[in-house]
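Trainee: Right, I'll just put the structure down here and ask away after.
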Amino acid sequence: MMGTNFGETFTNLLPALESKRNEFMLYGYTTVTKEDIWVYCLRKVWRGKNVEEMPVHKIANDILQISPAAFMTFTQIEAQRDADWFSDLNSDELQMLLGPRNENDAES
């Protein structure tokens with residue numbers, strides 16, 4: 001998906017990315033960056049597509065069509081997917097939490 005002209009494609013689309021970032025800022029999403037929007041498009045909108053072969057007007061249109069709700073849903077799902085839910089537990093605590101239960105434990 002990423003080739004030699006990929007950076008050039010990103011650079012050519014900076015006005016569309018900046019416009020979308022400004023729109024997000026109007027809705028209160030002040031931490032969203034142009035790069036965040038680009039990554040969203042790569043992972044969600046253009047998944048499995050060769051962006052370098054797509055017409056620039058199609059890419060720009062896709063960027064401008066992103067809804068803040070769809071973007072935020074995607075980022076929340078990605079954050080949950082990447083989270084290490086059990087990072088604070090040691091191996092004994094994990095075994096107690098996830099291991100098989102004894103019949104005596106069920107009666108308590």
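Trainee: Considering only region 33-63, state which residues are touching a helix residue (DSSP H, G or I) at 6+ places or on another chain (Cβ under 8 Å) and more than 16 Å from F74 (Cα to Cα).
Mentor: V51, E52, V56, I59, A60
Trainee: Filtering region 44-55 down to residues that are assigned to a helix (DSSP H, G or I) and open to solvent by less than 80 Å² (accessible area, probe 1.4 Å), which residue is farthest from T9 (Cα to Cα)? Show your work before the answer.
Mentor: First, the residues of region 44-55 that are assigned to a helix (DSSP H, G or I): 44-45, 51-53.
Checking the rest, the ones that are also open to solvent by less than 80 Å² (accessible area, probe 1.4 Å) come to 45, 51-52.
Numbers: V45: 16, V51: 8, E52: 7 Å.
Selected residue: V45.
Trainee: Of the residues that make up region 82-99, is at least one outside any helix (DSSP H, G or I), among the hydrophobic types (A, V, I, L, M, F, W, C) and either touching an Asp or Glu at 6+ places or on another chain (Cβ under 6 Å) or at pLDDT 70 or above (or both)?
Mentor: Initial filter on region 82-99 (outside any helix (DSSP H, G or I)): 83-90, 99.
Next, from what is left, pick out any that are among the hydrophobic types (A, V, I, L, M, F, W, C): 83, 85-86, 89.
Then drop every residue that is not either touching an Asp or Glu at 6+ places or on another chain (Cβ under 6 Å) or at pLDDT 70 or above (or both), which leaves none.
For region 82-99, residues outside any helix (DSSP H, G or I), among the hydrophobic types (A, V, I, L, M, F, W, C) and either touching an Asp or Glu at 6+ places or on another chain (Cβ under 6 Å) or at pLDDT 70 or above (or both): absent.
Trainee: Assess whether T11 counts as being of a type outside the set (D, E), at pLDDT 85 or above, open to solvent by 60 Å² or more (accessible area, probe 1.4 Å) and not in a helix (DSSP H, G or I).
Mentor: Values: of a type outside the set (D, E): yes; at pLDDT 85 or above: yes; open to solvent by 60 Å² or more (accessible area, probe 1.4 Å): yes; not in a helix (DSSP H, G or I): no.
Judged against the criteria, T11 is not a match.
Trainee: Please work out which residue is farthest from Q65 (Cα to Cα), limiting yourself to region 24-35 and to residues that are in contact (Cβ under 8 Å) with a residue 24 or more places away in the chain and surrounded by 16 or more Cβ atoms within 10 Å (Cβ to Cβ).
Mentor: V32
Table: residues versus (1) open to solvent by less than 30 Å² (accessible area, probe 1.4 Å); (2) under 13 Å from L13 (Cβ atoms); (3) in contact with a Lys or Arg (Cβ under 7 Å, 6 or more places away or on another chain); (4) assigned to a helix (DSSP H, G or I).
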site	(1), (2), (3), (4)
I37	yes, yes, yes, yes
L42	yes, yes, no, yes
K58	no, yes, no, yes
N61	no, yes, no, yes
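The values are calculated or read from the model by the stated rules, or taken from the named source; none is laboratory data. Note that the structure is a prediction, hence the values are computed from the model and not measured. Because the Cβ atoms are built from the backbone with ideal geometry, glycine has one as well, and the counts that use them run over all protein chains shown. These accessible areas exclude ligands, DNA and RNA; they are computed on the full protein's heavy atoms, side chains included. Shrake-Rupley method; radii C 1.70, N 1.55, O 1.52, S 1.80 Å.
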